[in-house]
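The values are calculated or read from the model by the stated rules, or taken from the named source; none is laboratory data. What you are looking at is a predicted structure, and each value in this text was computed from that prediction instead of being measured. FYI the Cβ positions are ideal-geometry reconstructions off the backbone, even for glycines, and counts take in every protein chain you see. To get the accessible areas, we keep the full protein, side chains included, count just its heavy atoms, and leave off ligands, DNA and RNA. Shrake-Rupley method; radii C 1.70, N 1.55, O 1.52, S 1.80 Å.
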Amino acid sequence: MKLSAVVLALAMMGASALTGTRQFMEQDAQMIGKSPQWTQKARATASDDVKLQFWLKHNSTQIAAFEEELLELATPGSPSYAQWMSRDEVAAALSPAPHSVDAVASFALDHGASDVHVNKMRSIVSVTVPANVAEEMLQTELFHYQNNEYKGVSIVRAAAAYSLPVEIAEHVSIVGDILRFPRLRQKLQIEQAKPDGADTGDEWSTCGAAYSAYTNPSVLASTYGFEFPFTKATAGNSLAVAEFQGQYYDADDLEAFSSQCGLDSTVTVTKNVGGNNEARCQVGLEPCVESLLDIEYAGAIAGAIPLSVWYSDTFSLLDWAETLLDADDAELVHSVSYGNDEAQQTSADYMESVNTQFMKAGAQGLTIMFAAGDQGVWGREGVGKTYHPDFPAGSPYVTAVGGTDFVTKSTIGEETAWASGGSGFSDEFSQPTWQSSQVAEYLANPDADLPSSSVYNAEGRGYPDISALAGQVNPYFISFKGGKFSAVAGTSAACPVAAGIIAQINDARLAAGKTAMGWINPFLYQADSSSFNDVTSGTTNGGYTGGFTATTGWDPATGFGSINFSNLKDAALSY
């Protein structure tokens, strides 16, 4: 159904939230129906099925009370520390009113939807309907869009603002992924692993003397001190990595990596959620590199801890989060090496909706970890008048993992901030109390050599929280495309490494009869400085100018630095 010129003008100008008896949604959305990464193609037709996810509004008073309770659960020293909630308890505390669910479900049924699904948190109503029906429901026009770089990737999105009847809009925060164009990740910084013939006779040679210039699992174990190999896991422990964008994995490369690096056992995926297509890993120039990097290093560090892969072909963090929270046996730690700039998100409502899902996950004892990005303070938007903070690394309910390099090439020891490591302060999420003192100390430190206050939001949530090796001084050794060895850099490597270490710490707690670490951020900000390898040099300028400089203590360049496994484990066991 075609929108009138008057209605379109009102939607684009934000002149009014209402048109007749309808209300425009996501009113702060920018660039509706347009994206530099996507090209509009044919109009969607009745033969195209469209999934509509109505994310229901949460009561702001309930959210505030829930956040206070969750902070108590996550703060060491609290009488209720780590006494995580069940899914039913979270749902009871936060679920929208039953009449909200009924109203939205009836709206869908009235338009001919035959299968209305309500998630287990009772906060999302999902239906799949023909595109023409979706257009009528939302009073917009839907088109196919093709990605400019990945030609095989096509999505359906609205070409104009969308609206809902006012009596339905009062219950709905957003209709998920109707407006948002995903920014498919840029290709990893990858190079062919070049044999140099140097046999160092130590950790650097464990994947072969010819590849001694590259970071490998043994180098990481010596640097951070985690148990390696990790041969016996406690019952109930688990770890997962999330993959999107056609990033699959294949057994041949997991075997080649494990064999070449002399691992005690072959890296194995215990459970797959969402499917896998091994044949795709043999096609193209850099197939499956992202997923194989995640799996090879998370698996090498976790060892006997069961490793799962969650795959989503929807290019949607919202969809991934809903699937995760609907699962009856979600893994305790999740590593996600995907993200975009906050400025690239459709709206504040979208980011807040995703953030709420992360909060629910943390309350159930899950640790959600995200790579902080690979463009320094400038983000994927590039150099501009202000820095571009990462999303969702800037969410207070995820643990953001930044990047480091060795100060001296091929020398295990002191680390420096990787210039391209994601870094900064959120423009959307306010600074949480659990990090306020560390941020204040950083901002008052003359060694910080702060950039102009006009380029960042000093009152926003600061990130990263921790870091790990990620840079090009000694990039990561991987196997891909059937045993072809390459070297990869990025916080996409740092995140699964940190997640594997946290999984080992979880194992120690579970073995001691304690619960998992869950939402870990307040714990990290109370941990003694000896729990980390402080990084005190380097600036996250992304290879340009500006950036944040690493100093003593927490900083928005590397967080607290990298993990000192033994000390952080002891701290975790002390509560």
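Before moving on, here are some points about what is shown:
- Within straight-line cross-link reach of Lys232, lysines at Cα separation under 29 Å, skipping those fewer than 8 residues along the same chain: Lys271, Lys514, Lys569
- Rough spin-label spacing in nm, given labels placed 7 Å along Cα→Cβ, for Ala210 and Thr408: 2.9
- Both radii are taken from the alpha-carbon atoms of segment 32-117; with Rh as the Kirkwood radius, Rg/Rh is 1.17.
- D (Stokes-Einstein, µm²/s), Kirkwood Cα radius, the chain, 1.002 mPa s at 20 °C: 88
- Fully extending the segment from Ala92 to Lys514, taken as 0.36 nm per residue of separation minus the present Cα-Cα distance, adds 149.4 nm.
- According to the calculation over all Cα-Cα pairs in segment 292-445, the P(r) per 10 Å bin from zero is 10, 34, 37, 18, 2 %.
- Placing one equal scatterer on every Cα of segment 198-320 and applying the Debye formula, the log10 ratio I(q)/I(0) at q = 0.14 Å⁻¹ is -0.64.
- Helix-only [θ]222 nm of the chain, DSSP H runs n ≥ 4, -39500 (n - 2.57) each, per residue, nearest 500: -8500 deg cm²/dmol
- All lysines inside 27 Å of Lys409 as judged from Cα atoms, apart from same-chain residues fewer than 8 positions distant: Lys187, Lys194, Lys484
- Principal-axis tilt of helix 433-444 within the chain, Cα atoms, nearest 10 degrees: 60
- Mean Cβ neighbour count within 10 Å, used as a protection proxy, ranking 340-347, 525-532 highest first: 340-347, 525-532
- At a probe radius of 1.4 angstrom, the accessible area of the chain per residue rounds to 36 square angstrom.
- P(r) weight above 18 Å for segment 336-397, C-alpha pairs, percent: 37
- For the chain, Cys with no neighbouring Cys Cβ under 4.7 Å: Cys495
- Fully extending the segment from Asp328 to Leu109, taken as 0.36 nm per residue of separation minus the present Cα-Cα distance, adds 76.1 nm.
- Cβ charges +1 (Lys, Arg) and -1 (Asp, Glu), total dipole of the chain, debye: 900
- Projected-area average for segment 132-181 over all orientations - Cα convex hull basis, square nanometres: 3.8
- All other residues whose Cβ lies under 9 angstrom from that of Val535 are scored, Lys and Arg at +1 and Asp and Glu at -1, for a net of -4.
- Among 312-323, 144-155, 414-425, sorting by the average number of other beta carbon atoms lying within 10 angstrom of each residue, highest first, gives 414-425, 312-323, 144-155.
- Largest to smallest principal axis extent of the C-alpha atoms in segment 494-575, angstrom: 49, 23, 19
- For Asn272 and Glu167, the FRET efficiency from 1/(1 + (r/R0)^6), where r spans their Cβ atoms and R0 equals 51 Å, is about 0.75.
- Pairwise centroid distance, computed over Cα atoms, of segment 104-148 with segment 276-299, Å: 33
- For Lys120, the lysines whose Cα comes closer than 17 Å to its Cα, not counting residues fewer than 8 places off in the same chain, are Lys57, Lys360.
- Taken over the C-alpha atoms, segment 414-458 has Rg and Dmax values of 11.9, 34 angstrom.
- D_trans [Stokes-Einstein, Kirkwood Rh over alpha-carbon pairs] for segment 370-453, 37 °C, 0.692 mPa s, µm² s⁻¹: 231
- Extreme residue, positive dipole direction of the chain, given options Thr411, Gln40, Ser212 (C-beta unit charges): Gln40
- Each of the peptides 361-369, 75-83 was scored by the mean count of other Cβ atoms within 10 Å over its residues; in descending order, highest first, they stand as 361-369, 75-83.
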